[in-house]
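Student: Before anything else, here's the structure in question.
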Amino acid sequence: MGTPSDRGIATARGGRKRGRPAVGRAPRALLAGAALSLFVLALPGCTPRAPSGRTVVFWQFSPLADIRPILSKFEAENPGITVQVEQLTWQSGREKIVTSIAAGRPPDLCELGSTFLPGLVADSTLLDLTSMATVLRDSLVGWNIVTDHGRAYALPWMLGTRALYLNDDLFRRAGLDPANPPATWAELRHAAREIATKIPDAKGFGMNAGEREILFKKFMPFAWGNGGDILDPTGTRSVMGSRQNIEALRFYLSLKPYSLLDRQEMHEQAFQKGRLGMIISGPWLLRTLPETAPDLHFSVALMPRPSAERGTSASFAGAEVLGIFRTAKNKEDAQRLARFLVRPENTMPLFLATGNAFPAATSAQADAYFSSHPLDRVFLTQIRTAVAPPLHPRWVEIEEIVNAELEEAIYGAKTPEAALDDANRRIAAALTREP
């Protein structure tokens with residue numbers, strides 16, 4: 001089944017301090033002056049000298065103790081510019097951002113969760129950063145998260161995804177080798193069945209139920225890896241009823257007899273107590289398991305692909321990105337600060353402080369830290385094939401439709417074919433309505 005290095009597996013006991021959890025049609029033309037300013041700022045070596053006595057207002061979600069040293073470095077490199085930083089919370093930050101836009105007083109630069117983007121792009125509130133993105137293209141990953149119809153509306157900053165966690169002890173007790181984790185759908189189902197049938201009081205896999213909003217994040221990786229999707233490349237037609245999606249949902253539901261059907265929190269509790277063989281989760285678990293289950297032996301592997309001959313190892317892509325609003329007062333310095341923040345020497349300290357979202361800077365992946373932390377390195381590898389939801393003005397409604405129909409299939413109320421056909425019909429209807 002391959003070696004640990006080429007299969008993307010890592011094992012560990014112990015870890016680091018826990019960090020915080022990771023978390024339409026767009027405007028096609030902007031004022032020529034703004035576009036020119038973006039282009040000039042984007043050119044290497046062409047950043048204009050900062051005027052003195054300027055303040056750039058920056059809203060973000062990291063603890064101030066973590067972000068302030070990075071901003072102090074920016075101020076030292078840019079005499080005359082002061083950064084006025086404010087910490088938002090993930091509970092109320094989105095509402096505060098929307099309120100500030102409505103009042104005409106948004107921050108100059110703002111950290112945005114990737115789930116915020118569809119609505120902001122649809123409302124034409126974000127500055128088009130395509131000129132800047134063109135220059136930064138090769139130095140950052142995650143452009144698919146911030147791009148709509150070839151236009152970039154934010155800069156990727158910190159990225160997150162999910163991978164497959166394995167309980168090594170349960171694998172061994174079931175006669176499986178955790179050093180060779182499931183790399184295909186068939187191997188995943190086999191491992192889940194062996195654990196569930198051979199070990200009393202254990203389940204092989206964690207299948208989410210009871211929290212509808214998370215279902216598409218757990219199912220769609222199998223569909224994406226199988227060549228499926230939610231919308232076609234133009235974003236104008238639903239493809240939820242495709243053969244690839246149906247095949248993926250049939251497989252996903254074949255895991256149900258060997259799975260624990262419950263909320264994600266209960267999955268993680270069962271995993272740490274040694275009663276669940278495999279779960280799909282994010283890097284935050286790397287920080288909590290050494291504290292909550294110090295004797296647990298576990299591994300992390302890439303998501304399985306449909307077969308050894310076809311498909312990809314796909315996962316859900318989330319991100320924390322940097323956006324500038326069209327009505328911001330100090331766009332020029334906001335662009336300057338954004339370019340500074342995405343540099344690898346500035347994202348690595350933030351990653352080390354918070355622990356759960358990885359630098360979008362491509363060169364950060366060569367940092368010595370990841371050589372000595374193979375668990376984190378698996379997530380870095382998984383990010384390369386992770387997929388983000390489309391920047392569509394109807395995304396919130398589309399996501400709810402997908403989750404609702406997946407729930408019907410998981411509970412057995414509909415067949416995979418019927419659930420996805422209904423999802424396809426409902427999404428198609430949503431796409432025809434005016435935003």
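The values are calculated or read from the model by the stated rules, or taken from the named source; none is laboratory data. This structure is a prediction, so every number in the text was calculated from the model and none was measured. Positions of Cβ are backbone-derived with ideal geometry, glycine not excepted, and every protein chain shown enters the neighbour counts.
Student: So if I check each of Asp138, Asp169, which one is touching a His at 6+ places or on another chain (Cβ under 6 Å) and either in a helix (DSSP H, G or I) or surrounded by fewer than 18 Cβ atoms within 10 Å (Cβ to Cβ) (or both)?
Tutor: That would be Asp169, the only listed residue that is touching a His at 6+ places or on another chain (Cβ under 6 Å) and either in a helix (DSSP H, G or I) or surrounded by fewer than 18 Cβ atoms within 10 Å (Cβ to Cβ) (or both).
Student: Related question: I'd like the residue in the stretch 249-296 that is in a helix (DSSP H, G or I) and under 20 Å from Ala223 (Cβ atoms) and, out of all such residues, is modelled with the lowest pLDDT. Write out each step before concluding.
Tutor: Residues of the stretch 249-296 that are in a helix (DSSP H, G or I), as a first pass: 249-254, 256-258, 264-272, 284-292.
Keeping just the survivors that are under 20 Å from Ala223 (Cβ atoms) gives 249-254, 256, 264.
Values: Leu249: 98, Arg250: 98, Phe251: 98, Tyr252: 98, Leu253: 98, Ser254: 98, Lys256: 98, Gln264: 94.
In this case the residue turns out to be Gln264.
Student: Could you please find all residues in the stretch 80-110 being within 23 Å of the chain's Cα centre (by Cα) and hydrophobic (A, V, I, L, M, F, W, C)?
Tutor: The answer is Leu88, Trp90, Ile97, Val98, Leu109, Cys110.
Student: Yes or no: the stretch 314-328 includes at least one residue that is among the β-branched types (Val, Ile, Thr) and in a helix (DSSP H, G or I).
Tutor: Step one: list which residues in the stretch 314-328 are among the β-branched types (Val, Ile, Thr), which gives 321, 324, 327.
With the extra rule that they be in a helix (DSSP H, G or I), the set shrinks to none.
No, the stretch 314-328 has no match at all.
Student: Is it the case, given these coordinates, that Gly150 is out of contact with any strand residue (DSSP E or B) (no Cβ under 7 Å at 6 or more places or on another chain), within 25 Å of Thr385 (Cβ to Cβ), among the small types (Gly, Ala, Ser) and modelled with pLDDT under 95?
Tutor: yes
Student: Would you be able to say whether some residue in the stretch 314-322 is more than 30 Å from Val85 (Cβ to Cβ) and among the β-branched types (Val, Ile, Thr)?
Tutor: no
Student: Could you tell me which numbered condition Val387 fails, if it satisfies all but one of (1) under 15 Å from the mean Cα position of the chain (by Cα); (2) surrounded by 21 or more Cβ atoms within 10 Å (Cβ to Cβ); (3) not polar (S, T, N, Q)?
Tutor: Single failed check for Val387: (2).
Student: Glu213 - would you say it is surrounded by fewer than 21 Cβ atoms within 10 Å (Cβ to Cβ), assigned to a helix (DSSP H, G or I), under 26 Å from the mean Cα position of the chain (by Cα) and modelled with pLDDT under 95? Steps first, please.
Tutor: Working: surrounded by fewer than 21 Cβ atoms within 10 Å (Cβ to Cβ): yes; assigned to a helix (DSSP H, G or I): yes; under 26 Å from the mean Cα position of the chain (by Cα): yes; modelled with pLDDT under 95: yes.
For Glu213, the condition - surrounded by fewer than 21 Cβ atoms within 10 Å (Cβ to Cβ), assigned to a helix (DSSP H, G or I), under 26 Å from the mean Cα position of the chain (by Cα) and modelled with pLDDT under 95 - is met.
Student: Oh, and also: Filter the stretch 242-268 for residues that are farther than 26 Å from Ile427 by Cα and of a type in the set (Ser, Thr, Tyr) and give the result.
Tutor: Tyr258, Ser259
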